[in-house]
Amino acid sequence: MPYMTLDRTDLPSLAEALAGRGKRLVLPVREGPELFYREGADPAQLDLSTIPKNSIKEFLFPKSEKILEYEYTGNDVVIDDVDPDAGPAVIFCARPCDAASLPVVEPLWNWDYKDKFFNERRAQTLVVTYACRTAPDDACFCVSVGLSPSSDQGSDVLLYPVDDTRVAVRLVSPAGRELEEVFSGFKKGEVSEESLDAFAKEGEQSLADRKRLDKVKNWLEGHFEDPLWEEKASRCIGCGTCTFLCPTCHCFDIQDESVFDGGCRLKNWDGCQFSLFTLHTSGHNPRDTQPKRYRQRILHKYSIYPEKFGRILCTGCGRCVAHCPVNLSLYDVVSTAQERAEKGE
Amino acid sequence: MSDRTEGIREIARKWLGDGTVEAVVGWEQGTYKDKTSPVLIRTPEEADRLLFNERCTNNLMTYLKREPVRGMEKVGIVAKGCDIKALIGLLQESQVEREKVKVIAVTCPGVKKDDGTVPVKCRACDVNTPTFYDEIVGEKVDSSPEPGARFEGLEALDAMTPAERFRFWRGELDKCIRCYACRQVCPLCICSRCIAEKNQPQWVETSPHPRGNFSWNLVRAYHLAGRCVECEACETACPVNIPLMLLNRAMARTVKGAFDYEAGKDPETQPPLRAFNLDDDNSFIL
Amino acid sequence: MSKIGVFVCHCGENISRTVDCERVARASEQIRGVAFATDYKYMCSDPGQALIKKAIREYELDGVVVSSCSPHMHEKTFRKAVEEAGLNPFLCEMANIREHCSWVHEKEETTTRKAIELVRLMVEKVKRNVALEPIRVNVTKRALVIGGGVGGIQAALDIADGGHEVILVEKDPSVGGHMAQLSETFPTLDCSQCILTPKMVDVGSHPNIKLYTYSEVEKIEGFVGNFKVTIKKKARSVDIDKCTGCGECQLKCPSKKIPSEFDRGLKNRTAIYIPFPQAVPARPVIDREHCIYFTKGKCKACQKVCPAGAIDYEQTDEYVEEEVGGIVVATGFDLYTVGEQGPYPDYRGYGEYGYGEDPDIIDGLQFERLASASGPTGGAILRPSDGKEPKSVVFLKCIGSRHPSKGIEFCSKICCMYTAKHTMLYKHKVHDGTAYVFYMDIRSPGKGYDEFVRRAIEEDGAVYLRGRVSRIYRSGDHLIVKGADTLSGAAVEIEADMVVLATAVMPQPGIEGLFQKLGISYDQYKFANEAHPKLRPVECATAGIFLAGACQGPKDIPETVAQASGAASKVQILFSRDEMLREPVVAKVNENTCIACWYCLEVCPFKAITQKEIRDRKGNLIKRVAEVNPSVCTGCGTCAATCFSNSIDLAGFTDEQIYSEINALMAVGQDLFPEPGKEEGESPDEQAA
Amino acid sequence: MEESHGTEAGTERVDQETTATSWEPRIVAFICNWCTYTGADLAGTSRMKYPPYVRVIKIPCTGRFDPLFMIKAFERGADGVLVSGCHPGDCHYTAGNYNARRKYTVFKDLLATLGIDMDRVRFSWISASEGGKWVDTIKHFTEVIRGKGPFREYREMIDVG
């Protein structure tokens, strides 16, 4: 089955057409030396040269979100529920590793409690993904976690930049297929399914040296105490860069902010690398050192979460590798674990 | 640079071998592109992992404030002149004991940022050849600070109206995600419990909304006033690229102008917010 | 939930004239946590206080806001009332709706709204108040007096006579100070030594006074009521218990050409010496710098002649510790250096006047020695160069004083009087001589003082010339003094036989070292600062330390003695109780988050913060933290505001309390100023609309 | 979306305040117990008059003033903040005001760097005897704040936060 192609130069117009009136539009633009997904940016500034520094997480799970309001009247308190301010949105030219994070975290938001804030946003968000022809960055390792540079997971539409001028379109989800008309308006030609396969192959090829991390889970389960943690993570400074840039990290903190007679409750990003994350009121901290906190992060991503939800909590986007202030590479740690598992250590 | 690398390894081997130190904090080759990574070397054999090159941007002094280095009886640390300024700050504030820290100073012709450019701190550097250390490696590098380089970023800011400045900072600070990389990487953010983590009362709201971000970034800069040694670690670490050094340098300029003080110069001096003069500027107080 | 009571006072009509007090009370009722609110005509009256007490019991209030006048007016009153009702007094606060509201604003809506808001802020604060207990401090009833001049002597004697032990420390070998050097004293011209010597003897023999001469304060630790003082007894090389003070050693000492400090170089002394005949103790000391044995290794003439075997060359500095409850600082003054160089490097001196180069140019204290019956000339005014009687003497006032270009702006206060005295002493001894005085102003307030100056001018014929002297130089047998008489406008040139410079009164050189040990502040000239220039002129800001005499600023003898007695009285007030009660508004450290950066320790004006070590059960050091001594802390809160991690808080003004006040400034919807008569339970939205 | 954290009622209230002609300046004054508070008392006992928009928060000494107080006041809708204490040399605690002055020096420059309108921040020394100076200071500051209007820039952050 052939796929339609568009002119690459038409992408900004496509973005506008998809967003139409009233939809929020998120797309990658350049800010200084790096790219960022930004809401409301000018589509003409669309920049696809590399993977953005932030993930698309913040558009479904904002860094800070009000979840209820309360007000005191005399000695009583009145609580008001708050609805997510979630209009329809288009995330345009997300990377596959970002799109793939959505099906990874969806079970989490719909487990014992259905998070209406995430779910309402998710339901109204269209994800148009821009596949990677080759790995855009040295830090990429999507193939290691079973994804690929042209993975369609989590995408409604997948765009393949098959060459320098043409972009092939694959409508992935029902929501994506509903938009056929919009895409057809930009149609300039067609490519064969085989050429998309070749594209995908080229992408995977560019990451040929990355290890499959299939034995990490097992290894972790047997190496809770291991010198590896100290060796790798004693350099960790305990910031939130990796967790906050990560498309799959989803921890949050609840904060009440009040004035004289009332206030609101907020759900804010939180991160397991902060020492306060597990600090008990008593003063006891079960994860009292940075290596323990780092171990927890790896364990959660590669063992605990897969155990519970059947998926690795990592899409191999490599942001935590590329942007760690002390160059503590998650890939280095998990691939070391894999190697040692392979060697039977 | 290779002779510096060799020099560092040699001293580290010796110190680790004869028990002078329990460990040496240095840089090793990183795993991403040409980045280096801080490393804790505990045996003479491992000393060969240590290196020095123009990508050794991290200020390792930040490790003195955290475990496991903090608890060590004696530790060696590799440092550029700019990093040593932070050590001087830590000594002034009694955060480290001089006898416990053995400094392998390395002369430095300047480092390069991830994007290949030269940081302001290198252009303004006055300590290419460190003067405060236990051992020094590398041939002498003369300092020739570029006049005006240190505060050049402030000129554009100064030229704005207050309203423009406010808009500029709103644009920058709204981006903050409160990952606290700036604080965690800073060698002089020494509090074990940051003011932003104290909630009785919550002076600084932890929410990464505009109000909370404004307060946080303001308080961070204020608490570093007269203490920041301009190592640029915060700005380098910031994942959302907030120009934090503009705030830090504005404070450095104020402190220089008002109190004739520069952080990281002399361990015997008093940081400016720990002292006062009877004849401090009074002109703005009506 | 708190149960706060709000009591709105009308203050007759003082508040109710412009503020709707009833409405303030009704609005207060609606504040969350307020259990009772009412208004009353005079809240401070007995019925008013009874109303508060009744409400505390009836509504089991756990906090009280009295909304009335300034807390400076009635905070004590209401806290006492609250305490009588069984509530901790520190759970009561006042909202100042009189001085800060009703009296300063017109009768209008905004004024009442402001009153409501002030109450609201204070209610929010009181919710976070905690019960505080006064701090009890034990008092050691022994005093330390530093300085054995007339001030120190007077303070020591008064305290000792009051029945308390006194430790008197004097740096010189004898007590007496500068007053012992003086000839006669103004305005009565009575002999200085005659009035001082008996007091010196008393000090030496008083059963309650422990005298340490030739000693210095080395270290001071502790706080009011509980100081621990280390005193350095400098090696005297003479065992004063064995010594009988016979003076044989002085006669035999071969090193005889050392300028006498007591006679300000107008006479020489030996290396082993008693500074002056009336010294207390009348025991010698060996000046090791000039002693031939100490400099050259042999001599021991004094040891050979000493009948008591009291000479001890092996003596070393000795350190003794004393515990005291209060301290009087009476370190006195020294004179401004007149020559090019001196002990005050910041000041320029008066090289142009030739002091130190020409022997006939002397300072005021040297003139005192010349005029003193016990002085080098036996009281005859003879010029130092050749011993001739000077027929014309020029006195220059304000040498240093009131001369900003030389570094000093203040007036030395005593020079006008002592210069007048000098002219009189001179005229009384040299009847045919002329005394000239160059002055800027004559300052002679004080009992009998102006009369005294007039006598000098009118009866004893001193020639007063208003102006400064530009230069003094020698011309043959005379000194030429060139100056200006600004009243006549003429240049003046006087042929003088001798010139006397009335030099500025300065603190003892290096005295700031002692002040720093004591933790007391001093001004730019190193004069000690009093706690309040008018109302607490004797106290230091540091509790338990008091000032006497010229260490605080230029003073004459009566002032010094009066202040010394004042200081002694303050000490005895301190000693009148076994323990002191102090307001519990003090800082407290959160040891969990303190990181020992010592910012607090450095900014504390009272040295109330020290380093504390936290150790585990085995004694291993876990960490160091700051510790506030509640007995010393005065509650300024500077430490709390300086601590970056907010690891110090100030009771009574905690971060929580201040935060709550600020937080109460904003509301999300509630009508903060409900009008009386409006129904309760109305939704905020309706009210807003 | 994320610009919606403010409580709705709060937003309305601020809107109402900022748009209605009934807007009144909100001035917060952190003043020391010994000098300025007493000076303000004197203004009262002397029956001097000044505009009623100042809310006094008493602190023992300007040394107790933490710049966090000022920020929180702005966060809670202050249009202007005054900090006032004893003149240099007059501090009841001898040196609290000198320490405070250092903090002001640094903090005011930081605020200016961030674009806070420095007309909205005021420092003064007002002694216990200067009731008149207190009155003049409040009058003048109120006029300045009235001229400036509500602190919209900061209130915008309150709206969204």
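Miscellaneous remarks
- Of the peptides A:211-223, C:309-321, the ranking by mean beta-carbon count within 10 Å, highest at the top, reads A:211-223, C:309-321.
- Region C:587-651, dipole about Cα centre (Lys/Arg Cβ +1, Asp/Glu Cβ -1), debye to the nearest 20: 260 debye
- Shape of region C:235-316, Cα gyration tensor, a/c cut at 1.5: oblate
- Taking N as its residue count, the alpha carbon Rg of region A:23-111 over 2.2 N^0.38 Å: 1.44
- Two-decimal log10 I(q)/I(0) for region B:152-274, as the Debye equation yields it once each C-alpha is a single scatterer, q = 0.16, 0.19 Å⁻¹: -0.82, -1.14
- Euclidean distance between Cα centres, region A:113-150 to region C:170-219, Å: 92 Å
- Segments C:64-74, A:133-143 sorted - mean Cβ within 10 Å per residue, highest first: C:64-74, A:133-143
- Whole-percent P(r), region C:122-189, all Cα pairs, 5 Å bins from 0: 4, 13, 15, 12, 10, 9, 7, 4, 5, 8, 5, 4, 3, 1.
- Dipole of region C:180-269, positive direction: furthest Cα of C:G222, C:L182, C:A235, with charges on the beta-carbon: C:A235
- Considering only A:D270, A:D152, A:D163, the Gaussian network model of chain A with Cα springs below 10 Å gives its largest mean-square fluctuation to A:D163.
- Ordered by the number of other Cβ atoms lying within 10 Å of each residue's own Cβ, fewest first, A:W109, D:W23 fall into the sequence D:W23, A:W109.
- Gaussian network model of chain A, springs between alpha carbon atoms under 10 Å - residue of A:P43, A:P103, A:P286 with greatest fluctuation: A:P286
- Across the alpha-carbon set of chain B, the Rg to Rh ratio works out to 0.97, Rh being the Kirkwood radius.
- Karplus 3J(HN,Hα) series, Hz, for region A:216-233 with 6.51 cos²θ - 1.76 cosθ + 1.60 (x for Gly, Pro): 5, 4, 4, 4, 4, 4, x, 10, 4, 9, 7, x, 3, 4, 5, 4, 7, 9
- Take each residue of peptide D:74-85, count the partner chain Cβ atoms within 10 Å of its Cβ, and average: the result is 3.
- Fraction of C-alpha pairs exceeding 37 angstrom in chain C: 55 percent, rounded to a whole number.
- Gaussian network model of chain D, springs between alpha carbon atoms under 10 Å - residue of D:T36, D:T142, D:T105 with greatest fluctuation: D:T105
- The alpha carbon gyration tensor of region B:2-137 gives principal lengths a ≥ b ≥ c with a/c of 1.5 or higher and a/b no greater than b/c, which makes the shape oblate.
- For region C:336-504: rounded, prolate or oblate by the Cα gyration tensor [a/c cutoff 1.5]: rounded
- For region A:150-158, 3J(HN,Hα) per residue [Karplus equation, 6.51 cos²θ - 1.76 cosθ + 1.60, θ = phi - 60°, Hz, x = Gly/Pro]: 10, 5, 9, 5, x, 8, 8, 9, 10
- Projecting the Cα atoms of B:V21, C:T486, A:V90 onto the charge dipole of the protein assembly as shown (Cβ charges, centred on the Cα centre) puts C:T486 farthest toward the positive pole.
- For chain C, the relative contact order works out to 13 percent when only alpha carbon pairs closer than 8 Å and six or more residues apart are counted.
- Along the axis of the charge dipole computed for the protein assembly as shown (Cβ charges of +1 for Lys and Arg, -1 for Asp and Glu, origin at the Cα centre), the listed residues B:L224, A:Y302, C:V65 are led at the positive end by B:L224.
- Tilt relative to chain C, helix C:71-84 - C-alpha long axis, 0 to 90 degrees, to 10: 60 degrees
- Rg over Rh for the protein assembly as shown works out to 1.06, using Cα positions for both radii and the Kirkwood form for Rh.
- Put in line by how crowded their Cβ is, counting other Cβ atoms within 10 Å and starting with the fewest, B:E268, A:E193, C:E539 read B:E268, A:E193, C:E539.
- Trypsin sites (Lys or Arg not before Pro) within region D:40-119, DSSP loop, no more than 16 other Cβ atoms inside 10 Å: D:R47, D:K49
- Ordering of C:497-510, C:144-157 by burial proxy (mean other Cβ atoms within 10 Å per residue, highest first): C:144-157, C:497-510
- Take every Cα pair under 8 Å whose residues are at least 6 apart in sequence, average their separation, divide by the length of region C:587-651, and the relative contact order is 45 percent.
- Inter-part distance, region B:48-76 to region C:286-322, computed on C-alpha centroids, equals 58 Å.
- Legend: mean number of C-beta atoms from other chains within 10 angstrom of residue C-beta atoms, peptide C:594-605, equals 6.
- Space enclosed by the convex hull of the alpha-carbon atoms of region C:487-608, per residue, Å³: 213 Å³
- Ranking of C:V394, C:V430 by count of other Cβ atoms within 10 Å, fewest first: C:V430, C:V394
- Reciprocal mean inverse distance between Cα atoms of chain A - Kirkwood radius, Å: 21.6 Å
- Based on DSSP H segments of at least four residues, each scored -39500 (n - 2.57), chain D has a per-residue ellipticity at 222 nm of -15000 deg cm²/dmol.
- Qualifying trypsin sites (Lys or Arg not before Pro) for region C:579-649 [loop in DSSP, other Cβ within 10 Å: at most 12]: C:R617, C:K618
- Computed about its Cα centre, the charge dipole of region A:26-84 is approximately 500 debye, with only Lys, Arg, Asp and Glu carrying charge at their Cβ.
- Per-residue shielding of D:46-53, expressed as the average number of other chain Cβ atoms within 10 Å of the residue Cβ, stands at 5.
- Cβ charges +1 (Lys, Arg) and -1 (Asp, Glu), total dipole of chain A, debye: 720 debye
Only the coordinates and a few stated rules stand behind these numbers; no lab work does. Computed from a predicted structure; not experimentally measured. Virtual Cβ from ideal backbone geometry, glycine too; neighbours counted across all protein chains shown.
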